[in-house]
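Asks: Take this structure, written in structure tokens, and hold onto it; I'll ask about it next.
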């Protein structure tokens, strides 16, 4: 059974001197089963976070690919972006 989110904590932005990298958490989510950090998929500056997730964190379970985005990044290393999986590759990876 899926674990539904009950809260999220995302910064409105991070100072440009502290851009997240793929090893740095930039927020957190909590479900009834566990709490987890949210990690940056690429290096860059968070320019906007989705404040609507604070009001409705469960929307991640309903609209993860549309309305429930976590943050928008200003990319600092384009090669990291190009190395990300597309939706088909991610689906194949998670079905292994």
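The values are calculated or read from the model by the stated rules, or taken from the named source; none is laboratory data. All of these numbers come straight from a predicted model, not from anything done at the bench. As a convention, Cβ positions derive from the backbone with ideal geometry for all residues, glycine included, and neighbour counts pool all protein chains shown.
So that you can scan it fast, the table gives a plain yes or no per residue for (1) modelled with pLDDT of 85 or more; (2) surrounded by 13 or more Cβ atoms within 10 Å (Cβ to Cβ); (3) under 14 Å from the mean Cα position of the chain (by Cα); (4) part of a loop (DSSP other than H, G, I, E, B):
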residue: 1; (1), (2), (3), (4): no, no, no, yes
residue: 7; (1), (2), (3), (4): no, yes, yes, no
residue: 12; (1), (2), (3), (4): no, no, yes, yes
residue: 85; (1), (2), (3), (4): yes, no, no, yes
residue: 89; (1), (2), (3), (4): yes, no, no, no
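Asks: Another question about this same structure. Output the residue which, of all residues in segment 65-83 that are outside any helix (DSSP H, G or I) and at pLDDT 90 or above, is surrounded by the most Cβ atoms within 10 Å (Cβ to Cβ).
Replies: 67
Asks: What single numbered condition from (1) loosely packed, with under 13 Cβ neighbours inside 10 Å; (2) at pLDDT below 85; (3) over 13 Å from the mean Cα position of the chain (by Cα) fails to hold for residue 62?
Replies: In the conditions (1) loosely packed, with under 13 Cβ neighbours inside 10 Å; (2) at pLDDT below 85; (3) over 13 Å from the mean Cα position of the chain (by Cα), residue 62 misses (2) alone.
Asks: Cβ contacts < 7 Å: first residue under 21 Å from residue 90 (Cα atoms), restricted to segment 55-68; second residue loosely packed, with under 12 Cβ neighbours inside 10 Å and modelled with pLDDT under 85, any location; separation 6+ or different chain. Result?
Replies: Once the first residue is under 21 Å from residue 90 (Cα atoms) and sits in segment 55-68, its partners that are loosely packed, with under 12 Cβ neighbours inside 10 Å and modelled with pLDDT under 85 give 61/2.
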